[in-house]
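Trainee: Please see the structure below; I have some questions.
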Amino acid sequence: GKSAFKNCDNLRNVTLGNGVTTIEEVAFGDCDNLKNIYVSLSNKNYKVKDAVLYTKDGSSFEQYATGKTDDVFVIPDGVTSIAQDAFVGAKDLRHVTLPATLREIGEAAFVHSGIREIEIPEGVTRLNRYTFQYCENLQSITLPQSLAVIGHAALSHCAFKELEIPGNVTTIEDYAFD
């Protein structure tokens, strides 16, 4: 369920059996020591690569193991969406490379993560609510010309001093930069 294992600091490994069909929002949020996610090979919905969770077809990035100590992560080509809360609390992560195939970033995808810089690829049209909220180390973000909406509190409590808002942005929701 929602927030099922949130803040479980002792959780180091998670194994998803073949019957798991859905993972609710913030299921593993702020699990500071979660280093590995495993999935049964017979699971029809999910797969794991490099200890992170994807949908079986590889089109959606679902969950980063927030206790990993890597400072750089590359989401592979072919991924079109990042799930809600996918990187919540990934404090050691400094840079994420997003693929050109990306079209959607879920709500609160990077909340409380340690990222310092990120480039959003062309094709993404919306920064959803809370996308980068409380990314207090985020100093540089490049927004694509395709961006039309900056959602509620999407970039609040970040460290950047300058931000270039693309000309196609038509909507900036409340508290977007607060």
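The values are calculated or read from the model by the stated rules, or taken from the named source; none is laboratory data. Please read these numbers as outputs of a predicted model, since none were measured by experiment. Cβ placement follows ideal geometry from the backbone for every residue including glycine, while neighbour counts extend to all protein chains displayed. The area values use the complete protein model at the heavy-atom level, side chains included, leaving out ligands, DNA and RNA. Shrake-Rupley method; radii C 1.70, N 1.55, O 1.52, S 1.80 Å.
Trainee: Need pairs with beta-carbon distance below 8 Å; first residue within 15 Å of LYS68 (Cα to Cα) and part of a strand (DSSP E or B) and within region 1-17, second open to solvent by 60 Å² or more (accessible area, probe 1.4 Å) and at pLDDT 85 or above; sequence gap 6+ or separate chains.
Mentor: Filtered contacts from region 1-17: ASN13/LYS35; ASN13/TYR38; VAL14/TYR38.
Trainee: Then there is this: I'm checking my understanding of the structure. Among residues of region 32-51 that are of a type in the set (A, V, I, L, M, F, W, C) and in a loop (DSSP other than H, G, I, E, B), which one is modelled with the lowest pLDDT? It would help to see each step written out before you state the result.
Mentor: Filtering region 32-51 for residues of a type in the set (A, V, I, L, M, F, W, C) gives 34, 37, 39, 41, 48, 51.
So of that shortlist, the ones also in a loop (DSSP other than H, G, I, E, B) come out as 34, 41, 51.
On the way: LEU34: 86, LEU41: 93, ALA51: 83.
Per the stated criteria, the residue is ALA51.
Trainee: Identify the single condition in (1) more than 25 Å from ASN168 (Cα to Cα); (2) open to solvent by 60 Å² or more (accessible area, probe 1.4 Å); (3) free of Cβ contacts under 8 Å to residues at least 60 places away in the same chain that HIS112 does not satisfy, given that it satisfies every other one.
Mentor: (3)
Trainee: Here's a follow-up. Can you name the number of the only condition in (1) in a loop (DSSP other than H, G, I, E, B); (2) within 12 Å of the chain's Cα centre (by Cα); (3) among the hydrophobic types (A, V, I, L, M, F, W, C) that PHE73 fails?
Mentor: (1)
Trainee: Sticking with this structure for a sec: Suppose we filter region 1-31 for residues that are modelled with pLDDT under 80 and either surrounded by 14 or more Cβ atoms within 10 Å (Cβ to Cβ) or in contact with an Asp or Glu (Cβ under 9 Å, 6 or more places away or on another chain) (or both); how many remain?
Mentor: Step one: of region 1-31, the residues modelled with pLDDT under 80 are 1-10, 24-31.
From what is left, the residues that are either surrounded by 14 or more Cβ atoms within 10 Å (Cβ to Cβ) or in contact with an Asp or Glu (Cβ under 9 Å, 6 or more places away or on another chain) (or both) are 1-9, 25-31.
Residues in region 1-31 being modelled with pLDDT under 80 and either surrounded by 14 or more Cβ atoms within 10 Å (Cβ to Cβ) or in contact with an Asp or Glu (Cβ under 9 Å, 6 or more places away or on another chain) (or both): 16 in total.
Trainee: Moving on to the next point. Within region 116-124, is there a residue that is aliphatic (A, V, I, L, M), assigned to a loop (DSSP other than H, G, I, E, B) and either free of Cβ contacts under 8 Å to residues at least 60 places away in the same chain or surrounded by fewer than 16 Cβ atoms within 10 Å (Cβ to Cβ) (or both)? Outline the logic, then answer.
Mentor: At the first step, the residues of region 116-124 found to be aliphatic (A, V, I, L, M) are 118, 120, 124.
Filter once more, keeping what is assigned to a loop (DSSP other than H, G, I, E, B): 120, 124.
Retained after the next criterion (residues that are either free of Cβ contacts under 8 Å to residues at least 60 places away in the same chain or surrounded by fewer than 16 Cβ atoms within 10 Å (Cβ to Cβ) (or both)): 120, 124.
Scanning region 116-124, I find at least one residue that is aliphatic (A, V, I, L, M), assigned to a loop (DSSP other than H, G, I, E, B) and either free of Cβ contacts under 8 Å to residues at least 60 places away in the same chain or surrounded by fewer than 16 Cβ atoms within 10 Å (Cβ to Cβ) (or both), so the answer is yes.
Trainee: Working only within region 147-178, note down all residues that are in a loop (DSSP other than H, G, I, E, B), open to solvent by 70 Å² or more (accessible area, probe 1.4 Å) and under 16 Å from GLN133 (Cβ atoms).
Mentor: HIS157, ASP174, TYR175, PHE177, ASP178
Trainee: Could I ask something else about it? Quickly run through region 123-139 and pick out the residues that are closer than 15 Å to PHE177 by Cβ and touching a Lys or Arg at 6+ places or on another chain (Cβ under 9 Å).
Mentor: The answer is CYS135, LEU138, GLN139.
Trainee: Now, a different point. Collect the residues in region 134-146 that are touching a Phe, Trp or Tyr at 6+ places or on another chain (Cβ under 8 Å) and in a loop (DSSP other than H, G, I, E, B), keeping them in residue-number order. Can you show your working first?
Mentor: Within region 134-146, the first condition is being touching a Phe, Trp or Tyr at 6+ places or on another chain (Cβ under 8 Å), and the residues that meet it are 135, 138-141.
Across region 134-146, the qualifying residues are CYS135, LEU138, GLN139.
Trainee: Give region 89-105 a look and list any residue that's open to solvent by 10 Å² or more (accessible area, probe 1.4 Å), closer than 21 Å to ALA27 by Cα and in a loop (DSSP other than H, G, I, E, B), or say none. Don't jump to the end; show me each part of the working.
Mentor: Let us first name the residues in region 89-105 that are open to solvent by 10 Å² or more (accessible area, probe 1.4 Å), namely 91-92, 94-95, 97-98, 100-101, 103-104.
Still in the running and closer than 21 Å to ALA27 by Cα: 91-92, 104.
Scanning region 89-105 gives LYS91, ASP92.
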